Amino acid sequence: MTVLLERPAPRATPAPHRPPTARRDLFIDVLRLFGMALVVLQHWSIPLLSYDGVRITTGNALATPGVWTVTWISQVMPLVFFAGGAANAISFGRSTGGAPAWLAVRLRRLAWPVLALAAVWIPLPHLLLAAGLPAQPVEVGSRLTGQLLWFLAVYVIAVTLTPLMLRAHERYGLRVPAVLAAGAVLVDVLRFTSGLDWAGYLNIVFVWMTVHQLGFFYAQGRLTRPVPLAVGGFGLAALLVAYGPYPGSMIGLPGAEISNMAPPTLAMLAVAAGQLGLAVLLRPLIMRLRWQKVIGWAGPRIMTVYLWHMPALFVVTGLVVVGLGIDTPAPGSLAWFAGWPLWLGLLALVMYPLLRCFARFEEPPALPYGSASWSAMLAAGTLVGGGLLTLTVTGFAPGFAPVLALIAILGGLLLTAPAARA
């Protein structure tokens, strides 16, 4: 991989662990917007839903034979983590309050919007069941709403480690992502040779931190050879799928024994490299377009869309599939293509008031910060990440676990507040 990155010329920097870039990068904002938009479009378009009067059955349109190739582009989480790494490097590089203070600000921005989601969804399943709605659809919706928080749980890890990983990046450069990628290889070897499937979850750290780390190189202007990165990444992914134990799809599909996504595999990391190379290769073309107004409107709302697009799907599903008894047409059929614009239009109509109501929670309140220390911020990151992980596993299904998760997130936020004075 050494041929893919340009070694920077020696230069003087005020702090060895901070990247020299101190400006906002529009390309990174575009990648984040594109990633989240494609996530929403995919989640709204691929469900196959039917209801028999008691249970709602879910399927995946991308399980159609041959359609898995689409997921090599539509699985955009690598781009989101890459953009997050670059944005964190740029943000940290221009901060002046020290690493713990920077981390306190980032944790507030990540955790605060989740409080509104939890405030609605912790009591909502109980209210729906009390109103007489069928239990199984309510439980499915409640669990899936929480499962999407996996991204924030992993991203909190990446953000918490950013100051340390930037220091390692400045000292060791390419060796850091190389070691992380080697860790992903060893995890897959252990997983597939020993049958210890649980070991694969270690790659949540190795795979996504590798991608996040590559964002640091972009922030320093060192991703200068995207063609070998794109060809090598997609080529390696093709070999792994053809001759290894990996499925072709980069998202989990019903009935599949192995998923490249949960937990992420070496094949996912290879596709990530291909996507990053392709994105950087297309950067000059992308930057010719006028994105400022789009980013200006969507930027302050992007987290709200991510958190609330699945609840919008559940509302429309409840009205159309459960209420009217209209099942999703077979994917690729004439009825599916004809109904798709109407389906998306209904979802957009439901999403609009949710956006108007909850976008205000994107910006945490202007409360004073405490005297940030590494110990306090590591504890805050642990509480916030642990709460998000709990919601990922249990969702908002009726029980005490979502309440504990909310308490943990609130505890993490309180650690960023000033201590009471005697």
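The values are calculated or read from the model by the stated rules, or taken from the named source; none is laboratory data. Only a predicted model underlies this, so the values are computations on that prediction, with no experimental measurement involved. Cβ coordinates were reconstructed from backbone atoms using ideal geometry, including for glycine residues, and neighbour counts include every protein chain displayed.
When 103, 124 are screened for being of a type in the set (A, V, I, L, M, F, W, C) and more than 24 Å from residue 308 (Cβ to Cβ), only 103 passes.
Of all the numbered requirements in (1) within 16 Å of residue 398 (Cβ to Cβ); (2) surrounded by 19 or more Cβ atoms within 10 Å (Cβ to Cβ), residue 135 misses one, and that requirement is (2).
Please tell me if residue 111 is farther than 26 Å from residue 393 by Cβ and in contact (Cβ under 8 Å) with a residue 12 or more places away in the chain.
The answer is no for residue 111.
Checking 56, 28 one by one, the residue that is out of contact with any Cys (no Cβ under 9 Å at 6 or more places or on another chain), at pLDDT 85 or above and within 30 Å of residue 171 (Cβ to Cβ) is 28 and no other.
Considering only residues that are of a type in the set (A, V, I, L, M, F, W, C) and crowded, with 21+ Cβ neighbours inside 10 Å, look in segment 212-239 and name the one that is modelled with the lowest pLDDT.
223
Looking at 389, 346, just one residue is more than 15 Å from residue 122 (Cα to Cα), surrounded by 15 or more Cβ atoms within 10 Å (Cβ to Cβ) and either within 19 Å of the chain's Cα centre (by Cα) or charged (D, E, K, R) (or both), and that residue is 389. Annotation: of all residues in segment 103-132 being basic (Lys, Arg) and surrounded by 15 or more Cβ atoms within 10 Å (Cβ to Cβ), the one that is farthest from residue 370 (Cα to Cα) is 106. Of the helices (runs of 4 or more DSSP H) contained entirely in segment 124-233, those carrying at least 1 residues that are under 30 Å from residue 378 (Cα atoms) and without any contact (Cβ under 8 Å) to a residue 60 or more places away in the chain fall at 150-172, 175-194, 203-219. Just for segment 280-300: of the residues that are assigned to a helix (DSSP H, G or I) and touching a Leu at 6+ places or on another chain (Cβ under 8 Å), which one is modelled with the highest pLDDT? Applying the filter and picking the extreme gives 280.
Of all residues in segment 64-110, those satisfying the criterion of being farther than 13 Å from residue 271 by Cα and not in a helix (DSSP H, G or I) are 64, 65, 66, 95, 96, 97, 98. Answer with yes or no whether residue 187 is within 25 Å of residue 279 (Cα to Cα), aliphatic (A, V, I, L, M) and at pLDDT 95 or above. Answer is no for this residue. Screening 152, 161, 107 for residues that are touching a Ser or Thr at 6+ places or on another chain (Cβ under 8 Å) and under 24 Å from residue 217 (Cα atoms) leaves exactly one candidate, 107.
Test residue 242 against the stated conditions and say whether it is in a helix (DSSP H, G or I), farther than 30 Å from residue 54 by Cβ, among the aliphatic types (A, V, I, L, M) and without any contact (Cβ under 8 Å) to a residue 40 or more places away in the chain. Spell out the reasoning first.
Numbers: in a helix (DSSP H, G or I): yes; farther than 30 Å from residue 54 by Cβ: yes; among the aliphatic types (A, V, I, L, M): yes; without any contact (Cβ under 8 Å) to a residue 40 or more places away in the chain: yes.
So residue 242 fits the description; yes.
Matching residues to (1) among the β-branched types (Val, Ile, Thr); (2) out of contact with any His (no Cβ under 7 Å at 6 or more places or on another chain); (3) buried (at least 17 other Cβ atoms within 10 Å of the Cβ); (4) closer than 20 Å to residue 119 by Cβ:
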| position | (1), (2), (3), (4) |
| --- | --- |
| 293 | no, yes, no, no |
| 312 | no, yes, yes, yes |
| 326 | yes, yes, no, no |
| 330 | no, yes, no, no |
| 338 | no, yes, no, no |
| 341 | no, yes, no, no |
| 353 | no, yes, no, yes |
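A quick yes/no check of all residues on (1) in contact with a Lys or Arg (Cβ under 9 Å, 6 or more places away or on another chain); (2) farther than 28 Å from residue 86 by Cα:
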| site | (1), (2) |
| --- | --- |
| 132 | no, yes |
| 137 | yes, yes |
| 142 | no, yes |
| 147 | no, no |
| 153 | no, no |
| 159 | yes, no |
| 166 | yes, no |
| 188 | no, no |
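Based on what the data block shows, is residue 301 over 18 Å from the mean Cα position of the chain (by Cα) and either among the β-branched types (Val, Ile, Thr) or more than 29 Å from residue 65 (Cβ to Cβ) (or both)? Steps first, please.
On the way: over 18 Å from the mean Cα position of the chain (by Cα): no; either among the β-branched types (Val, Ile, Thr) or more than 29 Å from residue 65 (Cβ to Cβ) (or both): yes.
No, not satisfied.
Selection of segment 172-184 for residues being modelled with pLDDT of 95 or more and within 18 Å of residue 272 (Cβ to Cβ) yields 176, 177, 178, 179, 180, 181, 182, 183, 184. Search segment 188-208 for residues being surrounded by 12 or more Cβ atoms within 10 Å (Cβ to Cβ) and touching a Leu at 6+ places or on another chain (Cβ under 7 Å), and hand back the single one that is nearest to residue 246 (Cα to Cα). My answer is 188.
Which one of 250, 303, 310 is touching a residue at least 60 places away in the same chain (Cβ under 8 Å), touching a strand residue (DSSP E or B) at 6+ places or on another chain (Cβ under 7 Å) and either not basic (Lys, Arg) or not in a helix (DSSP H, G or I) (or both)?
Working: 303 fails: touching a strand residue (DSSP E or B) at 6+ places or on another chain (Cβ under 7 Å); 310 fails: touching a strand residue (DSSP E or B) at 6+ places or on another chain (Cβ under 7 Å).
Of the residues listed, the single one that is touching a residue at least 60 places away in the same chain (Cβ under 8 Å), touching a strand residue (DSSP E or B) at 6+ places or on another chain (Cβ under 7 Å) and either not basic (Lys, Arg) or not in a helix (DSSP H, G or I) (or both) is 250.
Inside segment 39-63, residues that are assigned to a helix (DSSP H, G or I), touching a Ser or Thr at 6+ places or on another chain (Cβ under 7 Å) and surrounded by fewer than 17 Cβ atoms within 10 Å (Cβ to Cβ) make up a count of 0.
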